[in-house]
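Colleague: If you scroll down you'll find the structure; I have some questions about it.
Only the coordinates and a few stated rules stand behind these numbers; no lab work does. Given the structure is predicted, the values throughout are model-derived calculations rather than measurements. Glycine also receives a Cβ, built like all others from the backbone with ideal geometry; neighbour counts cover every protein chain displayed.
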Amino acid sequence: MLSFLIARQTGVDEPVRLRRAESTRRVLSLELNHDRDVECIHGNGINTIDIEVIEGRYMLSGGSDGVIVIYDLENNSKKPHYTCKAVCTVGRSSRYVHKFSVETVQWYPHDTGMFVSSSFDKTMKVWDTETLKPAEVFQFEGNVYCHHMSPIARKHGLIAVGTKDPKVQLCDLKSGSRIHILQGHRGEVLSVKWSPRYEHILATASTDSRVRVWDVRRASGSLFTLDQHNGDKSKASSESVNTAHDGRVNGLCFTDDGLYLLTAGTDDRMRLWNSATGENTLVNYGKVVNESRKGVKFTVSRGCSPEFVFVPCGSSVAMYGLHTGELVTMLRGHYNNVDCCEFHPDYQELYSGGKDCNILAWVPVLRHPDTEDEGAAFAFEWLLK
Amino acid sequence: MNRKRTLMPDAFRTKKRRFGADNLIGNPEHGDVQEGPPDVKATLQYLMTLFPRKLFNDSLPQIVLKHQLYSLHSDKTLVDKQVNELRDQGELLMFQLGFDSDTFALVFSVDYRAKVLAGEAGRATLGTVEKFLDKVLPCCSDLSFSKDKMLKQFLFTDAEITQLVKSGVLTVRDAGSWWLSIPNSGRFTKYFIQGRKAVLGMVKKSKYNEILKTDLEERRTTSHVKLHMKYHVHDIIGAELVECIQTTSGTLLRFVDT
């Protein structure tokens, strides 16, 4: 650590190298901390979590009972023991609450004045955070599994919505129209994600085992479909030609630089793809247990080198090295299935929510001197006398 | 004392060797985790020795399953890469056995050639099989062939394709395409599935669904388990049908309920 600091001071190393090394060390020491707690508001399982990108201070969570809660993650008390309090809630008593389970919530990417939630009651609501009333309600014909707004979009305000219908719908926030649809899938669309690198690129995953990458400006169909065998038609049986997984594809996640896309499927596999060419990088993560009928929400770390993937696996969160595929550790702490996890890039913390109605905060362990070190320091001082 | 050993990145790490009951580094027979880049060829040769040749009257080449390598090396991606390199060099052949789309069998090309030709000796199909082995295998490392490819690229006639299927070198995949296969491997597949079920049953029946690896290897095998016990143990570890837990008395295998 000291060598990094001196190298940075003298200019031998770039400043970002120290930051990356320290972030990686912190991510590798994630642990449940009894000083950090998140207030338990949900009465039923938690399906989705989102942390806003502007300040990293407020966290949204959506539950199976239709309740949406906003938490303040910042520690303003001077004590180390801190419970993240709920700032406000859209509870069962609110007139505008969702009737069934909330599947996805997302903050408006540019400020916290607005957030969007979609639910199994076939609606997607755009909420005003100040008044907690929906400014706009989009009605759909089938259950809404997921939605996503592009985090970098300047030229458009489109929300991509994945529903029971094989057609992916694009809703425009600026005009309220929803005539733009993307056709190509043959099964329910379980997960949609915009690329964090190009504001017009969208990836969608469906129960027909295919993942399609679209450019929304193009009139004709998708740009390409991800193929797990990389075009080698001989490897697969004839049904699984040109599919991303051998089962339903229910999780999608772009890496922070947008160069790679991770997909998770019910064939218990996770695959890493080059997002520009659609090539399977063939990184082998082993068996990533996945039995979810809906989407799986997993996340990738940011600012570390090497990057890590956090995937909910049963009742724990598995942490894999992104490019090596090795299982680094399993984060155990939940009492029931984990449904979602979200990484806080500024503090290298992980928040995970599951069916046990808890949101757990995984915090990096602080450096403590070991007892051996203390003994050595003591002996050193004694020698000096 | 800090009981939980925190994981440190390379930049901050002082290398400390872990000493456990099975820590004979470099010896594929004992070591579960090998330091340094994995030598897949050496591991393959070790696993081939576990294959029982007498059981099939020496008519089958030695077969190893790809996921058995994962039980001996921790980095699956590197193992996959090396296997693909060996396949591209023409030393290794990969087959789809048919019972699981994810399970692949590996055979050294030299062994395969020898056994297939030995099996074909004296039969009418010998000529076609030789032609197939000489023309197709060296240049094309595919697992399956379509009718188009066979007729146009390799210039086989329909009659010759029928002969190849009869000899067992090709198996039907669906209308107009065939898998590359090992002749007479049906018995191997049957014994393998039976043995896998029996070994997993042994683990399931133990108290708490877990058993020490050394104990399992020493158990008396029933008549259902015809292949070597160690072969099956590598298979169930590599296919992640059991969870491997390091304890002070050695490796513990716990049944994974899915």
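Colleague: Using a Cα-Cα cut-off of under 12 Å, which aspartates and glutamates could be cross-linked to A:Lys155, ignoring same-chain neighbours fewer than 8 residues away?
Modeller: Cα-Cα hits under 12 Å: A:Asp172, A:Glu199.
Colleague: Over every pair of different alpha-carbon atoms in chain A, take the mean of 1/r and invert it; report that Kirkwood radius in Å.
Modeller: 21.9 Å
Colleague: By what distance, in whole Å, do the Cα atoms of region B:40-185 stretch along each of the three principal axes, largest value first?
Modeller: 46, 33, 27
Colleague: Along its principal axes, what span do the Cα atoms of region A:45-125 show, with the longest given first and each in whole Å?
Modeller: Computed over the Cα atoms, the extents are 43, 26, 20 Å.
Colleague: While we're on this one: With the cut-off at 23 Å, tell me which of the pairs B:Lys41/B:Lys115; A:Lys99/A:Lys174; A:Lys287/B:Lys66 have Cα atoms farther apart than that. Present the calculation step by step, with values, prior to reporting the outcome.
Modeller: Details: B:Lys41/B:Lys115 20 Å; A:Lys99/A:Lys174 26 Å; A:Lys287/B:Lys66 15 Å.
Check vs 23 Å cut-off fails for A:Lys99/A:Lys174.
Colleague: On to the next question. Helix A:15-28 versus the longest principal axis of chain A: what is the Cα-based angle in degrees, 0 to 90, to the nearest 10?
Modeller: With both axes taken from Cα atoms, the answer is about 80 degrees.
Colleague: With a 10 Å Cβ neighbour count serving as the proxy for reagent exposure, in which order, fewest first, do A:Tyr58, A:Tyr351 appear?
Modeller: Lowest count first: A:Tyr58, A:Tyr351.
Colleague: Treating only the Cβ atoms of Lys and Arg (+1) and Asp and Glu (-1) as charged, compute the dipole magnitude of region A:51-187 about its Cα centre; round to the nearest 20 debye.
Modeller: The calculation lands at about 140 debye.
Colleague: Explain nothing, just the number: dipole magnitude of chain A about its Cα centre with +1 on each Lys and Arg Cβ and -1 on each Asp and Glu Cβ, in debye rounded to the nearest 20.
Modeller: 980 debye
Colleague: With axes computed from alpha carbons, what is the tilt in degrees of helix B:126-139 against the longest principal axis of chain B, rounded to the nearest 10 within 0 to 90?
Modeller: Approximately 50 degrees, to the nearest ten.
Colleague: Enumerate by residue number the chymotrypsin sites (Phe, Trp or Tyr not before Pro) in region B:59-140 meeting two conditions: DSSP loop (anything except H, G, I, E, B), and at most 11 other Cβ atoms within 10 Å of the site's Cβ.
Modeller: Numbers: sites: B:Tyr70, B:Phe95, B:Phe99, B:Phe104, B:Phe108, B:Tyr112, B:Phe132; in loops: B:Phe99.
For chymotrypsin sites (Phe, Trp or Tyr not before Pro) across region B:59-140 that sit outside H, G, I, E and B with at most 11 neighbouring Cβ atoms in 10 Å, the list reads B:Phe99.
Colleague: Could you pull out every residue, at least 5 positions away or on a different chain, whose amide H is within less than 5 Å of the one on A:Gly63? Hs are placed 1.01 Å off N in the peptide plane, and Pro or chain starts have none.
Modeller: Residues meeting the amide H criterion: A:Asn47, A:Val102.
Colleague: While we're on this one: In percent, what relative contact order does region A:55-132 have, based on Cα pairs under 8 Å that are 6 or more apart in sequence?
Modeller: RCO, region A:55-132: 25 percent.
Colleague: Using +1 at the Cβ of each Lys and Arg and -1 at the Cβ of each Asp and Glu in region A:16-154, identify which of A:Cys88, A:Phe100, A:Thr131 lies farthest towards the dipole's positive end.
Modeller: So the residue furthest toward the plus end is A:Cys88.
Colleague: GluC sites (Glu not before Pro), restricted to region A:77-179: which are DSSP loop and have at most 12 other Cβ atoms within 10 Å?
Modeller: Within region A:77-179, the qualifying GluC sites (Glu not before Pro) (loop, at most 12 other Cβ atoms within 10 Å) are A:Glu130, A:Glu141.
Colleague: What residues qualify as long-range amide H neighbours of A:Leu190, i.e. H under 5 Å apart, gap of 5 or more or another chain, H built at 1.01 Å from N?
Modeller: A:Ala205, A:Ser206, A:Thr207
Colleague: With charges set only on the Cβ (+1 for Lys and Arg, -1 for Asp and Glu), what does the dipole of the protein assembly as shown come to about its Cα centre, in debye to the nearest 20?
Modeller: Charge dipole of the protein assembly as shown: 1060 debye, to the nearest 20.
Colleague: Quick one: helix A:371-384 against the long Cα principal axis of chain A, what's the angle to the nearest 10°, folded into 0 to 90?
Modeller: Long axis of A:371-384 versus the principal axis of chain A: about 30 degrees.
Colleague: For chain B, restrict the atom set to alpha-carbon positions and state the Rg and Dmax in Å.
Modeller: Calculated on Cα positions, Rg and Dmax stand at 21.1, 75 Å.
Colleague: Continuing with this model, one more query. Only bridges with both residues in the protein assembly as shown count here: give the DSSP antiparallel percent, nearest 5.
Modeller: Taking every DSSP beta bridge within the protein assembly as shown, about 95 percent pair in antiparallel fashion.
Colleague: Once you mark the trypsin sites (Lys or Arg not before Pro) that are in a DSSP loop and have at most 15 other Cβ atoms within 10 Å, what is the longest gap between them in chain B?
Modeller: Longest gap between qualifying sites, sites excluded: B:124-218.
Colleague: Please list, in chain and number order, the residues 5+ apart from A:Glu31 or on another chain whose amide H is under 5 Å from its amide H, with Hs placed from the backbone.
Modeller: Under 5 Å from the amide H of A:Glu31: A:Val363, A:Val365.
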